[in-house]
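Okay, handing you the structure first.
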Amino acid sequence: MAPVGPRSGDAIFANMERVNAELFTLTYGATVRQLLTDLEEVDEVNKQLDQMGYNIGIRLVDEFLAKSNVSRCVDFKETAEVIAKVGFKMFLGVTASVTNWDADGTCCSIVLEDNPLVDFVELPDTCQGLYYCNILSGVIRGALEMVSNTSSFAQPSIPSFLWDVSLKTEVTWIRDVLRGDDAYELQVKLVKQVPEEYPYKDDE
Amino acid sequence: MNRKEITKPFQVEIESKQKQKIEVKMGREVSESCVDSLLTEMVSTYCNRFYANKPELAARRIEAIGYQVGHQLSERYTMERPRFSDHLEAIKFICKDFWSELFKKQIDNLKTNHRGTFVLQDNGFRWLSRISLDPSLENAESQDPSASTESKAAQATSMHLYFPCGIIRGALSNLGIPCAVSADISNLPACSFVVRIKA
Amino acid sequence: MQFFGSAEISPSPPVPTTSGNNAHMMYVFNRNGVCLLYREWNRPLRTLNAQQDHKLMFGLLFSLKSLTAKMDPTSAERGNLGVPQLPGQGCSFHSFRTNTYKLSFMESPSGLKLILITHPRTGDLRQSLKYIYNLYVEYVVKNPLYTPGAPIRCELFNTSLDQYVRSIA
């Protein structure tokens with residue numbers, strides 16, 4: 001089998017079933033609005049949007065992997081790059097860039113210049129403190145958690161009852177156009193690797 | 001937060017400086033999975049997390065979200081169009097142009113009793129196309145008279161219909177037609193939306 | 001970064017290598033080792049209860065992955081025997097054949113493991129497993145009624161899987 005690169009985000013997006021972005025943008029807006037009505041506290045809305053994003057991320061990651069031909073992600077750095085470049089393009093049709101890596105490669109920024117979630121949106125003054133696009137931070141967190149990291153973070157001696165390791169990250173907003181910045185910037189910080197236990201007991 | 005203050009937060013601002021930007025963004029597309037996964041999660045948030053034991057409250061919230069979306073979409077799609085002369089014209093608009101914008105197909109069959117009730121049937125409703133029930137339930141149905149799991153699955157499916165019902169009601173309401181909308185899914189993936197116009 | 005093969009996956013499945021009714025069974029495990037799906041088409045001999053059977057299959061993959069990586073003559077980075085491989089770490093086997101059956105295996109970076117057991121004469125099923133991964137995405141992941149991590153009970157998935165497997169093995 002000839003080794004090949006990842007399919008480009010553009011090529012995948014061109015082959016995806018696509019829909020009118022207005023439907024998506026307005027549905028998201030109406031959902032945020034309903035959450036504000038039901039939950040009343042802006043912080044609680046931020047939290048719920050993040051949780052919804054997380055749940056979406058753990059589902060979307062398999063579609064991303066199946067359609068992008070990515071068979072393994074070698075380290076956190078490559079994983080973040082491929083999610084930004086291929087993942088954002090194939091789902092939202094926009095390109096994100098990855099910048100501001102720290103020295104040990106465990107923290108970076110994902111920057112979005114163009115963001116379909118916010119077409120037509122102007123936040124009223126009553127929504128101070130709202131991270132309107134917080135669903136995105138949840139999606140990134142969920143997707144990264146599902147993609148196993150590998151050698152560069154593997155501990156030299158992993159106890160034999162451990163089978164798998166996942167990436168736990170913290171995702172925070174650095175810049176937000178709806179708050180007057182010039183772009184959307186999310187900081188993604190690798191917090192820890194969470195080992196998952198071998199699910200069967202030896203004497204079972 | 002005062003509820004009155006947030007009745008119009010994310011309204012389309014056609015007249016603002018954004019107008020030019022909006023025109024550029026017309027025709028923008030996203031992957032269908034974005035909409036599908038957002039809807040799945042929105043319904044699940046209301047049904048399983050917020051109102052796990054109060055399905056009627058969850059249904060009302062989900063319908064309200066749909067209503068808002070339908071209202072805004074209908075506003076956008078009718079901007080350059082003359083007013084509809086009667087109810088039938090407006091319903092036909094929903095069946096053809098509106099449905100095509102959302103699902104890239106028209107409603108397959110429209111029926112009316114000419115007394116304000118319209119039945120819009122979509123033979124392969126996009127948002128139900130991947131709903132699939134537990135195959136073991138069909139066998140269980142004949143043996144187990146309680147069949148509670150099956151009705152649970154049916155209820156879960158029906159939760160996904162409040163959103164499109166809300167969209168239709170919102171769209172018609174924006175066209176000045178107050179109505180009630182319900183859905184019938186007795187043979188999946190076909191779906192019939194029943195619109196009852198309020199006199 | 002390493003990648004799967006170049007074939008366009010969806011919507012066209014790979015060309016069938018054989019035709020008939022040669023598939024025995026299929027397992028799907030998630031990253032936590034939970035058996036999400038066991039599907040059986042032709043299995044005359046069964047000696048264990050379902051749970052023991054799933055555990056044995058998972059243990060077989062676990063050990064084999066570890067052994068194959070340990071024996072890798074091309075890489076200096078290998079773990080100790082018995083230490084599990086992380087998905088994507090080191091080399092990985094994709095099938096083995098006995099005189100009576102062939103086991104084909106695929107693991108996604110999200111830790112989903114697909115195992116298909118067929119007649120020993122079956123050809124290379126790597127593309128087919130990728131196609132089945134796509135079926136999983138379309139009919140399981142995108143089913144609004146499916147809860148991630150729960151056993152797969154989706155009629156549409158079962159139907160399309162049965163149909164596809166019949167066409168390849």
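The values are calculated or read from the model by the stated rules, or taken from the named source; none is laboratory data. Keep in mind the model is a prediction, meaning the values are calculated, not measured. Using ideal geometry, Cβ is built from the backbone for each residue, glycine included, and neighbour counts are taken over all protein chains shown.
Answer yes if at least one residue in the stretch A:104-116 is assigned to a helix (DSSP H, G or I) and within 12 Å of another protein chain (Cβ to nearest Cβ), and no otherwise.
yes
Quick one: is A:Leu130 at pLDDT 90 or above, assigned to a loop (DSSP other than H, G, I, E, B) and more than 14 Å from chain C (Cβ to nearest Cβ)?
Yes, satisfied.
Also, quick follow-up: Condition first: closer than 20 Å to B:Ser31 by Cα and surrounded by fewer than 19 Cβ atoms within 10 Å (Cβ to Cβ). Now tell me which residues in the stretch A:95-110 satisfy that.
Once the filter is applied, which keeps residues that are closer than 20 Å to B:Ser31 by Cα and surrounded by fewer than 19 Cβ atoms within 10 Å (Cβ to Cβ), the stretch A:95-110 yields A:Thr95, A:Ser97.
Next question, about the same structure. Determine whether A:Leu35 is away from chain C (no Cβ under 13 Å) and in contact with a helix residue (DSSP H, G or I) (Cβ under 9 Å, 6 or more places away or on another chain).
yes
Anything in the stretch A:52-85 that is under 18 Å from A:Asn15 (Cβ atoms), crowded, with 24+ Cβ neighbours inside 10 Å and within 12 Å of the chain's Cα centre (by Cα)? List them, or say none.
The answer is A:Leu60, A:Phe64.
B:Thr45: within 8 Å of another protein chain (Cβ to nearest Cβ) and either surrounded by fewer than 16 Cβ atoms within 10 Å (Cβ to Cβ) or hydroxyl-bearing (Ser, Thr, Tyr) (or both), yes or no?
Criteria met by B:Thr45.
So, in the stretch C:116-131, of the ones that are touching a residue at least 40 places away in the same chain (Cβ under 8 Å) and part of a helix (DSSP H, G or I), which residue ends up nearest to C:Thr98 (Cα to Cα)?
Per the stated criteria, the residue is C:Arg126.
Further question: On the given criteria, is B:Arg76 in contact with an Asp or Glu (Cβ under 7 Å, 6 or more places away or on another chain), in a helix (DSSP H, G or I) and more than 19 Å from B:Leu120 (Cα to Cα)?
For B:Arg76, the condition - in contact with an Asp or Glu (Cβ under 7 Å, 6 or more places away or on another chain), in a helix (DSSP H, G or I) and more than 19 Å from B:Leu120 (Cα to Cα) - is met.
This table checks each residue for (1) of a type outside the set (Ser, Thr, Tyr); (2) without any contact (Cβ under 8 Å) to a residue 24 or more places away in the chain.
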site: B:Asn53; (1), (2): yes, yes
site: B:Gly66; (1), (2): yes, no
site: B:Glu75; (1), (2): yes, no
site: B:Lys92; (1), (2): yes, yes
site: B:Lys96; (1), (2): yes, yes
site: B:Thr112; (1), (2): no, no
site: B:Val119; (1), (2): yes, no
site: B:Asn123; (1), (2): yes, no
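What's the total number of residues in the stretch B:62-93 that are touching a Leu at 6+ places or on another chain (Cβ under 8 Å), within 14 Å of another protein chain (Cβ to nearest Cβ) and farther than 20 Å from B:Met159 by Cα?
4
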